[in-house]
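Trainee: There's a structure below that I have some questions on.
The values are calculated or read from the model by the stated rules, or taken from the named source; none is laboratory data. Here the structure is a predicted model, which means the values were calculated and not measured. Virtual Cβ from ideal backbone geometry, glycine too; neighbours counted across all protein chains shown. Accessible surface is based on the protein model in full, side chains and every heavy atom, while ligands, DNA and RNA are left aside. Shrake-Rupley method; radii C 1.70, N 1.55, O 1.52, S 1.80 Å.
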Amino acid sequence: MKRWGVPVLIGLLILAAVSIWGYRQYQDRVALQNYLSNKYHLAFYNLTGRVQNMEVLLGKTLAVAGQPDDTVLFSEIWLQSEGARENLTQLPVNSQVVGRTAKFLAQVGDYARVKAREINNGETLTEEEFKTLNNLYRQAAQLNKDLHDMEAKISDGRLNIGELATAVRQEMKQGAPANVPANFQSIDRNMQGYPTLVYDGPFSDHMEKVRPVGLKGKTIGSDDAGGIVRDFIDTRGGSYRVQVTGRTKERIPGYLVELIPEKNNQAGRVSAGVSETGGHVIWYLNHRTIGNPKLNVQQALDRAQRFLSARGYKNMVNIYNQQQDGRVIFNFAPQQQGVIIYPDQIKVNVALDNGQIVGFDARGYLMAHKERKIVSPKVTEQQARLKVNPKMQISKTRLAIIPTDSGMERYSYEFTGQVNGDSYLVYINAMTGKTDQVLKLIQSRDGTLSM
């Protein structure tokens, strides 16, 4: 018996250790589940509170006259909607289930932001805009009601938000849509029943219907697309096998092309898109590994400008750049009669190891490019300058056509200057004298960005 005593004892100790380890794992799992459940509940209650505040604020807009003091009201709607959208994204719900709800929250906030800016610039609310606000109010009221119905189910135990996380895990494991509680699906269906919102903002539904105006030329077939890409890109003498892989799913109809390096070729694989109308290269990206930098930014800029000019893009001006991952990303815009045309932008990526153009994106140019009619400004530069804070030290002034969020355009004076050591771009409308846009320039080690 003694001979068996030691192994039995060791076995019991191992069993005890495994049991203790398993129990601790169980405790950790329960603690994590409780933590996530509390997090989801907090996000849901914050979502409900912000939607309720949004409904109340939208109701108040129906009682105001659209005077400058009312901009505070619209700004608060924007803050509440952004907060609601943030909390909605924290819930463990598939984006397909709440897509329309998230879009509604984004639209309400951006619509309020745009109205606040317009009212602050002296514009008044029209009868049509009051109708839009009334529709948004009714839609927010419905969303608020649905969320409070869910809140009641949570309070009396009929709904557990933690179950949503389990459903999402099942979806990820099985690769199929999870059987999530129908409450969010019902809410999203209610959102579908309301008309879409059209306004001057980036989330406007009518932006999805914008069609490219910069496409010119005959219709090409898939057989032509590969050769167009091979002739256009910077191959550096590499030999490629061309393959058309499908159709583009963007707003510019066309073909997807892959250029695959031949055997023993060190060149990178190239992906590209070509427009069906005119055979324009929409974009391309070389996936090769970039080595240690040997060129500076100015040398890279020279390469980019020569590349654009050789491919028919003339009078292009570099407006800003960003350096990252061994390359410089340049943004160019054309200049017409001395006026910078910002909507028609092209991005060019230059590798700093050998100056090769490893990326090109002309989507902005192909969507917006056309011959503009440049007229004489109704507001003089001196009059426009008076709208800029006198504390700003202006270093540069020029005329520019700038895009609005809705895809429209404005003709403005661009004032570049500094206040308290920070750099800004201020755009004053050349026809009305109103402020169109203010951007802050962020100088970093990698380049210049605007916000």
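Trainee: Which residues, counting only those in segment 426-443, are of a type outside the set (S, T, Y) and either more than 22 Å from the chain's Cα centre (by Cα) or at pLDDT 90 or above (or both)?
Mentor: At the first step, the residues of segment 426-443 found to be of a type outside the set (S, T, Y) are 426, 428-431, 433-434, 436-443.
Of everything in segment 426-443, those that are of a type outside the set (S, T, Y) and either more than 22 Å from the chain's Cα centre (by Cα) or at pLDDT 90 or above (or both) turn out to be V426, I428, N429, A430, M431, G433, K434.
Trainee: With the structure loaded, tell me whether Q323 is within 24 Å of R269 (Cα to Cα), at pLDDT below 95 and within 24 Å of the chain's Cα centre (by Cα) or whether it fails that test. Spell out the reasoning first.
Mentor: On the way: within 24 Å of R269 (Cα to Cα): yes; at pLDDT below 95: yes; within 24 Å of the chain's Cα centre (by Cα): yes.
Judged against the criteria, Q323 is a match.
Trainee: Still on this structure: In the set Y137, Y111, which member is open to solvent by less than 50 Å² (accessible area, probe 1.4 Å), assigned to a helix (DSSP H, G or I), hydroxyl-bearing (S, T, Y) and at pLDDT 85 or above? Can you show your working first?
Mentor: Details: Y137 fails: open to solvent by less than 50 Å² (accessible area, probe 1.4 Å).
Result: Y111 is the single residue among Y137, Y111 that is open to solvent by less than 50 Å² (accessible area, probe 1.4 Å), assigned to a helix (DSSP H, G or I), hydroxyl-bearing (S, T, Y) and at pLDDT 85 or above.
Trainee: Just give me the residues in segment 107-156 being small (G, A, S) and more than 17 Å from L58 (Cα to Cα), in sequence order. Give the steps one after another, and end with the answer.
Mentor: Step one: of segment 107-156, the residues small (G, A, S) are 109, 112, 116, 122, 140-141, 152, 155.
G122, A152, S155, listed by residue number.
Trainee: Follow-up. Look at segment 369-384 and say how many of its residues are within 27 Å of the chain's Cα centre (by Cα) and open to solvent by 80 Å² or more (accessible area, probe 1.4 Å).
Mentor: 1
Trainee: Looking only at segment 246-265, count every residue that is within 20 Å of A362 (Cα to Cα) and either open to solvent by 50 Å² or more (accessible area, probe 1.4 Å) or in a helix (DSSP H, G or I) (or both) and tell me the total. Give the derivation first.
Mentor: If we filter segment 246-265 for residues that are within 20 Å of A362 (Cα to Cα), which is where we start, we get 246-259.
This time we only want the ones that are either open to solvent by 50 Å² or more (accessible area, probe 1.4 Å) or in a helix (DSSP H, G or I) (or both), so: 247, 249-251, 253, 256.
Total satisfying the criteria: 6.
Trainee: How many residues does segment 288-311 hold that are farther than 12 Å from F330 by Cβ, surrounded by 14 or more Cβ atoms within 10 Å (Cβ to Cβ) and within 28 Å of the chain's Cα centre (by Cα)?
Mentor: The number of residues fulfilling the criteria is 2.
Trainee: Which of the residues that make up segment 320-345 are more than 13 Å from I401 (Cα to Cα) and surrounded by 14 or more Cβ atoms within 10 Å (Cβ to Cβ)?
Mentor: Of the residues in segment 320-345, the ones more than 13 Å from I401 (Cα to Cα) are 320-332.
Y320, N321, Q322, Q323, G326, R327, V328, I329, F330, N331, F332 - these are the residues of segment 320-345 that are more than 13 Å from I401 (Cα to Cα) and surrounded by 14 or more Cβ atoms within 10 Å (Cβ to Cβ).
Trainee: Go through segment 114-127 residue by residue and tally those that are open to solvent by 50 Å² or more (accessible area, probe 1.4 Å), part of a helix (DSSP H, G or I) and either at pLDDT below 85 or aromatic (F, W, Y) (or both). Write out each step before concluding.
Mentor: Of all residues in segment 114-127, those open to solvent by 50 Å² or more (accessible area, probe 1.4 Å) come to 117, 120, 122-124, 126-127.
Those left that are additionally part of a helix (DSSP H, G or I): 117, 120, 127.
Subsequent filtering for residues that are either at pLDDT below 85 or aromatic (F, W, Y) (or both) retains 117, 120.
So the count comes out to 2.
Trainee: Give the residue that is farthest from I341 (Cα to Cα), with candidates limited to residues of segment 385-400 that are modelled with pLDDT under 95 and open to solvent by less than 40 Å² (accessible area, probe 1.4 Å).
Mentor: Checked segment 385-400; the qualifying residue farthest from I341 (Cα to Cα) is M392.
Trainee: Another one. Tell me the residue from G254, G268, G278 that is more than 16 Å from G227 (Cα to Cα) and touching a Gly at 6+ places or on another chain (Cβ under 9 Å), please. So that I can check it myself, show each step before the final result.
Mentor: Numbers: G254 fails: more than 16 Å from G227 (Cα to Cα); G278 fails: more than 16 Å from G227 (Cα to Cα).
Testing whether each residue is more than 16 Å from G227 (Cα to Cα) and touching a Gly at 6+ places or on another chain (Cβ under 9 Å) leaves just G268.
Trainee: Name the single residue, out of those in segment 45-86 being within 26 Å of S155 (Cβ to Cβ) and basic (K, R), that is surrounded by the most Cβ atoms within 10 Å (Cβ to Cβ).
Mentor: Ranking the qualifying residues of segment 45-86, first place goes to R50.
Trainee: I would also like to ask the following. Regarding segment 228-235, can at least one residue be identified that is among the aliphatic types (A, V, I, L, M), more than 10 Å from V274 (Cβ to Cβ) and not in a loop (DSSP other than H, G, I, E, B)?
Mentor: No, there is no match, as no residue in segment 228-235 is among the aliphatic types (A, V, I, L, M), more than 10 Å from V274 (Cβ to Cβ) and not in a loop (DSSP other than H, G, I, E, B).
Trainee: Report the residue count in segment 349-368 for those that are assigned to a loop (DSSP other than H, G, I, E, B) and open to solvent by less than 50 Å² (accessible area, probe 1.4 Å).
Mentor: Selection size over segment 349-368: 5.
Trainee: Also: Taking T404 and the conditions (1) open to solvent by less than 30 Å² (accessible area, probe 1.4 Å); (2) modelled with pLDDT of 85 or more, which numbered condition does it fall short on, given that it satisfies the others?
Mentor: Every condition holds for T404 apart from (2).
Trainee: Here are G312, G291, G268: which of them is assigned to a loop (DSSP other than H, G, I, E, B) and without any contact (Cβ under 8 Å) to a residue 12 or more places away in the chain? Talk me through it step by step, then tell me what you get.
Mentor: Numbers: G291 fails: without any contact (Cβ under 8 Å) to a residue 12 or more places away in the chain; G268 fails: without any contact (Cβ under 8 Å) to a residue 12 or more places away in the chain.
Step by step, each of G312, G291, G268 is checked, and only G312 is assigned to a loop (DSSP other than H, G, I, E, B) and without any contact (Cβ under 8 Å) to a residue 12 or more places away in the chain.
Trainee: Additional query: Out of the residues in segment 140-176 that are at pLDDT below 85 and of a type in the set (K, R), state the one that is least open to solvent (accessible area, probe 1.4 Å).
Mentor: Of everything passing the filter in segment 140-176, K153 is least open to solvent (accessible area, probe 1.4 Å).
Trainee: Please enumerate the residues belonging to segment 414-428 that are open to solvent by 20 Å² or more (accessible area, probe 1.4 Å) and farther than 12 Å from L441 by Cα.
Mentor: Within segment 414-428, N420 is the sole residue that qualifies.
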